[in-house]
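**Student:** Okay, here's the structure, questions in a sec.
Values quoted throughout were computed directly from the atomic coordinates according to the rules given, and no laboratory measurement underlies them. Since the structure is predicted, the reported quantities are computational estimates derived from the model, not experimental observations. All Cβ positions, even for glycine, are placed from backbone atoms using ideal geometry, and neighbour counts span all protein chains on display.
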Amino acid sequence: MDATILPEVTAVGVIIKAVLILAVISAIAGFGTYIERKVLAFMQRRLGPQHVGPYGLLQLAADGIKLFTKEDIIPQHANKIIFSVAPAITAATAFIALAAVPVFPDFTIPFVDVFVPSIASDVNVGILFVLGMMAAGLYGPLLAGMAQSNKWGIIGSARTAIQFLSYEVVTGLSLLAPIMMVGSLSFVDFNDYQSDGTWLVVYQPVAFVLFLIAGYAETNRTPFDLLEHEAEIVSGYVTEYSGMRWGMFFIGEYANMITIGVIASVVFLGGYNDWWIFAGWFMILAKIAFSFFFMLWVRAAWPHVRPDQLMWLCWKVLMPLAVINVVITGLVMMAG
Amino acid sequence: MYEFIAFYIFAISTTILFMITVMSKNVLYAMTSLAAGMVMISGFFFILGADFLGVVQLIVYVGAVMALYSFAMMFFDATKDIKEKHNNPTLVFLLGGLMALVFVIIFSAPIIGENIEASYPIVNGVGNAQAVGIVLFTKYLVPFEVAAIMLLVAMIAGIILAGKKMDISLTKTVIQKEPEDEILKESK
């Protein structure tokens with residue numbers, strides 16, 4: 001750390017930060033649905049939403065009103081407690097994961113003089129904490145599918161389990177190589193390591209690609225959206241959900257997309273360092289926005305895979321590649 | 001002050017959740033409270049400043065319980081209660097209670113005797129992961145390697161058990177072959 005002494009982090013500051021993350025990320029998640037539809041529409045030569053408001057911008061509000069006012073249905077034979085808890089798990093773990101990643105720069109609120117830190121909770125094992133929390137988030141789909149006494153739901157939750165057991169190894173092993181190079185699990189150290197302008201993706205291109213693939217499986221984005229693929233299992237684990245309970249799954253998924261974007265930007269793409277004439281806060285926002293856009297691009301470009309193809313890909317292709325990458329990184333580090 | 005409140009929240013919730021795990025007749029409740037209890041236990045590590053161990057607890061047990069879930073999904077109907085067979089509830093209660101009492105005495109004895117000491121206390125300036133690594137690769141190197149070999153053996157055994165017919169695709173149409181095994185032939 002440099003010599004400048006940061007103001008003390010108080011409980012009030014952390015609470016303000018938590019509320020800020022919750023409000024802003026929820027709003028972005030809502031806006032993300034609009035962006036997703038528009039981008040997909042442009043890529044598939046359609047128009048996308050355009051009737052509500054200018055360029056369809058108010059579609060967002062219309063969707064919100066629809067979600068809030070929809071009847072909240074709990075199926076007769078469902079396990080009511082678990083059925084109600086499941087959406088909260090997805091949304092809560094997604095936001096808890098965001099507690100340990102740097103979102104927005106540090107700032108001090110004028111007049112009342114409260115310091116709001118960049119990371120709500122700066123644990124020195126941040127990267128592991130975020131991965132663990134995102135893994136815990138998969139309990140949402142799993143429980144939702146099992147509680148609703150619906151065959152599509154059960155298939156959806158079975159797919160959640162195999163998806164989790166497939167990608168989890170790849171995520172961990174692909175991040176291990178950069179962790180070995182930096183020698184720390186803290187996001188701040190990753191950022192400082194790349195402050196000379198050389199991004200880690202230059203040294204670890206294989207790890208970056210592996211992490212992106214595993215990250216898409218983790219957020220169940222389209223090449224790997226086995227959990228709720230409409231053409232096969234109606235809607236998977238969300239078949240019986242309506243209204244705001246469904247909305248919570250949705251917000252959780254978009255928050256997870258942003259988290260994956262933050263990890264990819266900070267670990268591989270140079271973090272929030274200044275670059276050329278652009279300030280650090282602009283760079284990190286640009287990188288997160290690009291990785292969000294990249295997810296939509298991938299969705300427009302590829303069809304989804306079957307569960308057995310996902311398992312084959314993760315265990316027979318990606319995991320050996322990740323292990324070889326770790327071994328080579330270790331050998332180079334020992335030689336150098 | 002915050003640690004005090006946090007400790008009691010985690011302690012009470014852990015106890016209640018694990019009691020649900022033991023008492024509930026519904027698979028879904030039992031598994032969910034087990035997973036949630038494991039997450040709550042990691043809270044204690046965070047309070048004690050052992051961030052690394054807390055996160056490891058989180059990742060390892062979340063994954064392990066997820067694997068248990070997939071078995072529960074295959075064997076039980078998750079929405080119905082399970083009929084448990086109790087031959088002698090009094091004996092179970094007595095043995096369970098005695099075991100719990102013995103464990104409480106074993107773990108509280110050093111605290112009462114006030115001779116509990118950290119063999120490897122937290123060193124200022126050394127990160128959690130580094131501290132664990134140093135102890136693992138010096139003092140506990142042999143147990144660490146033995147555990148690694150044990151896991152390797154288990155992994156190879158698992159692959160052999162599961163992967164006998166891995167070269168046959170599940171999705172392409174499989175031509176029905178005559179069983180080569182003698183026992184299978186006789187049973188036909």
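**Student:** Projecting each Cα onto the charge dipole of the protein assembly as shown (Lys/Arg +1, Asp/Glu -1 at the beta carbon, about the Cα centre), which of A:A177, B:L53, A:L60 comes out farthest on the positive side?
**Tutor:** Highest projection toward the positive end goes to A:L60.
**Student:** Quickly estimate the mean residue ellipticity at 222 nm for chain A, helices only: each DSSP H run with n ≥ 4 gives -39500 (n - 2.57), and the total goes over all residues, rounded to 500. Intermediate results must be reported in sequence, preceding the final value.
**Tutor:** On the way: 14 runs with 215 residues, N = 336.
That comes out to -21000 deg cm²/dmol.
**Student:** So, with +1 on the Cβ of K and R and -1 on the Cβ of D and E, and no other charges, what is the size of the charge dipole of region A:11-335 about its Cα centre, to the nearest 20 debye? Write down the numbers at each step before the final one.
**Tutor:** Working: 16 positive and 20 negative charges, 165 e Å.
I would put it at about 800 debye.
**Student:** Also, I was wondering about something else. With unit charges on the beta carbon (Lys/Arg positive, Asp/Glu negative), name the residue among A:S235, A:A158, A:Q148 whose Cα is farthest towards the positive pole of the charge dipole of region A:135-255.
**Tutor:** A:Q148
**Student:** What Kirkwood Rh does region A:57-179 have if only Cα atoms enter the pairwise 1/r average? Answer in Å.
**Tutor:** Values: mean 1/r = 0.0569 Å⁻¹.
17.6 Å is the Kirkwood radius here.
**Student:** How far apart, in nanometres, would the label points at A:L57 and B:V153 be if each is projected 7 angstrom from Cα along the Cα-to-Cβ direction?
**Tutor:** Here the modelled spin labels are 6.7 nm apart.
**Student:** Just the Kirkwood number for region B:38-81, please: inverse of mean 1/r across all distinct Cα pairs, in Å, one decimal. Before the final figure, lay out each step's value.
**Tutor:** Details: mean 1/r = 0.0855 Å⁻¹.
One decimal place: 11.7 Å for the Kirkwood radius.
**Student:** HN-Hα J couplings of region A:16-21 from phi, Karplus 6.51/-1.76/1.60, θ = phi - 60°, integer Hz, Gly and Pro as x?
**Tutor:** 4, 4, 4, 4, 4, 4
**Student:** I would also like to ask the following. What is the dipole size for region B:1-84, taken about its Cα centre, with +1 at each Lys and Arg Cβ and -1 at each Asp and Glu Cβ, in debye to the nearest 20?
**Tutor:** On the way: 3 positive and 5 negative charges, 41 e Å.
In debye, rounded to 20, region B:1-84 gives about 200.
**Student:** Right, another one. Distance check, please: which entries in A:K151/A:K316; A:K17/A:K80; A:K151/B:K80; A:K316/B:K164 exceed 25 angstrom between their Cα atoms?
**Tutor:** Values: A:K151/A:K316 30 Å; A:K17/A:K80 33 Å; A:K151/B:K80 15 Å; A:K316/B:K164 16 Å.
Violating the 25 Å Cα-Cα cut-off are A:K151/A:K316; A:K17/A:K80.
**Student:** With r as the distance between the Cβ atoms of A:W297 and B:A11 and R0 = 35 Å, compute the FRET efficiency 1/(1 + (r/R0)^6) and round to 0.05. Working shown, then result.
**Tutor:** Working: r = 48 Å, r/R0 = 1.37.
Efficiency, rounded to the nearest 0.05: 0.15.
**Student:** Still on this structure, I have one more. Report the FRET efficiency, 1/(1 + (r/R0)^6), for A:F278 and A:Q76, where r is their Cβ-Cβ distance and R0 is 51 Å, rounded to 0.05. List each step's numbers first, then the result.
**Tutor:** Numbers: r = 57 Å, r/R0 = 1.11.
So, using R0 = 51 Å, E works out to roughly 0.35.
**Student:** Here's something else I'd like to know. Among A:W315, A:W199, what is the fewest-to-most ranking by other Cβ atoms within 10 Å? Show your work: numbers first, answer last.
**Tutor:** Numbers: A:W315 14, A:W199 19.
Final ranking by Cβ density, sparse to dense: A:W315, A:W199.
**Student:** Continuing with the same structure: R0 = 25 Å: FRET efficiency of A:D196 with A:V19, Cβ-based, nearest 0.05? Walk me through the intermediate numbers first.
**Tutor:** Details: r = 36 Å, r/R0 = 1.43.
About 0.10, to the nearest 0.05.
**Student:** Let me ask you something else. Take the alpha carbon atoms of region B:8-152, find their radius of gyration, then divide it by 2.2 N^0.38 Å using N residues; give the quotient. Intermediate values should be presented prior to the final figure.
**Tutor:** Working: Rg = 19.2 Å, N = 145, 2.2 N^0.38 = 14.6 Å.
Normalised by 2.2 N^0.38 Å, the Cα Rg of region B:8-152 equals 1.32.
**Student:** How many nm separate the modelled label positions at A:K66 and B:F107, each set 7 Å beyond the Cα in the direction of the Cβ?
**Tutor:** About 5.2 nm, to one decimal.
**Student:** Please report, in cubic angstrom per residue, the volume enclosed by the convex hull of the alpha-carbon atoms of region B:1-84.
**Tutor:** Working: hull volume 6.3 nm³, N = 84.
It comes to 75 Å³ per residue, whole-number rounded.
**Student:** Separation between the A:A11 and A:E232 pseudo-spin-labels, each 7 Å from Cα along Cα→Cβ, expressed in nm?
**Tutor:** Taking the two extended label points, one gets 4.9 nm.
**Student:** Which percent of Cα-Cα pairs in region A:129-230 sits in each 5 Å bin, short to long?
**Tutor:** Spelled out per bin, shortest first, that is 2, 12, 19, 20, 15, 11, 9, 6, 4, 2, 0, 0.
**Student:** Ratio of alpha-carbon Rg to the 2.2 N^0.38 Å globular estimate for the protein assembly as shown, to two decimals, please.
**Tutor:** 1.06
**Student:** At q = 0.16, 0.17 Å⁻¹, work out log10 I(q)/I(0) for region A:220-336 with the Debye formula, treating every Cα as an identical point scatterer and leaving solvent out; two decimals please.
**Tutor:** Scattering profile of region A:220-336, log10 relative to I(0): -1.02, -1.08.
**Student:** Could you give the distance between the Cα centres of region A:286-304 and region A:184-237, to the whole Å?
**Tutor:** The distance from the Cα centre of region A:286-304 to that of region A:184-237 comes to 11 Å.
**Student:** Kindly give Rg over Rh for region A:265-329, based on alpha-carbon atoms, with the Kirkwood expression for the hydrodynamic radius. Write out the running numbers ahead of the final one.
**Tutor:** Numbers: Rg = 16.6 Å, Rh = 14.6 Å.
Taking Rg over the Kirkwood Rh, I get 1.14.
**Student:** Quick one: among A:A231, A:A301, A:A61, which has the greatest mean-square fluctuation in a GNM of chain A with alpha-carbon springs under 10 angstrom?
**Tutor:** A:A231
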